[in-house]
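Reading through the structure tokens given below for one structure.
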Amino acid sequence: MQQPIMESCLVQSPEQAVALLNPLRADIVSRLAEPASAAELARMLHEPPQRMNYHIKALEKTGLIRKVGTRQVRNLVEVLYQAIAKTFVLAESLSLSEETIERLKEHGSLAQLITTAEQMKKDAVTLMDHSEKGTEIPSATLQLQIPLKDQDAREAFIADYVDTMKKLVAKYAKAAEGSGDNTAQYQVMLAVYPKAAEGDRSE
């Protein structure tokens, strides 16, 4: 049965961070926003049941997922697992091992994405803490997908992307000139990254 889970979890445990840096284990956790059994996950991810059970036990040990019930399937009783949150953010304060740090360095843009996501979470919490109850905080989010077929297309898109944002910021900075210190400052954070493959969900 499905149980309420957190929208987001700030990961401060090195063991949990290392687990989430493993592509397969991160995929398992992401699919467990809703309860599922090891057999279901093995079919979804096209993995041998024995290997899936190994990773599920490891994730359960770190506390990223938990048992939430059982169900009868033919003559077997399957254990159902669920993640403790829908999304996870790695804390900057993590004392990661040299190996993990090297892995993050190899994927510098992804490490920056993790840091940016954490900063946005911290800023959102701070704004809520310092605003009166019921006060509307002006903000906006935008999610888009764009097909980029090869390296040349990716590089061209990034160049256009950066150029457009520079022009947009310059336009509004110029419009605000001479308005004094009372002009509200807004933080803008942008990210571009590949969409993770979701795979086929088996029934």
*Ala42 vs. criteria surrounded by 12 or more Cβ atoms within 10 Å (Cβ to Cβ), small (Gly, Ala, Ser) and not in a helix (DSSP H, G or I)*: no
*Starting from residues that are of a type in the set (Lys, Arg) and closer than 30 Å to Pro138 by Cβ, keep the ones in the range 156-203 and report whichever is modelled with the lowest pLDDT.*
Lys195
*Those residues that are in contact with a helix residue (DSSP H, G or I) (Cβ under 8 Å, 6 or more places away or on another chain), open to solvent by less than 30 Å² (accessible area, probe 1.4 Å) and either modelled with pLDDT under 85 or over 19 Å from Lys86 (Cβ atoms) (or both), I need them from the range 25-39; list them, please.*
Ala38
*Yes or no: Leu80 farther than 30 Å from Gln119 by Cα and open to solvent by less than 40 Å² (accessible area, probe 1.4 Å)?*
yes
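So if I check each of Ser109, Ser131, which one is modelled with pLDDT under 80, surrounded by 11 or more Cβ atoms within 10 Å (Cβ to Cβ) and closer than 30 Å to Met6 by Cβ?
Working: Ser109 fails: surrounded by 11 or more Cβ atoms within 10 Å (Cβ to Cβ).
When all the criteria are applied, what remains is Ser131.
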*Residue in the range 51-64 that is open to solvent by less than 20 Å² (accessible area, probe 1.4 Å), among the hydrophobic types (A, V, I, L, M, F, W, C) and assigned to a strand (DSSP E or B) present*: no
*Among the listed residues Ala124, Ala117, Ala140, Ala153, which satisfies the condition of being under 21 Å from Ala191 (Cβ atoms), at pLDDT 85 or above and either assigned to a helix (DSSP H, G or I) or among the aliphatic types (A, V, I, L, M) (or both)?*
Ala153
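The values are calculated or read from the model by the stated rules, or taken from the named source; none is laboratory data. Treat the numbers as computed from the prediction; the structure is a model and nothing was measured. Neighbour counts run over all protein chains shown; Cβ positions are idealised from the backbone, glycine included. When the accessible area is computed, the model is the full protein with side chains, heavy atoms only, and any ligands, DNA or RNA have been set aside. Shrake-Rupley method; radii C 1.70, N 1.55, O 1.52, S 1.80 Å.
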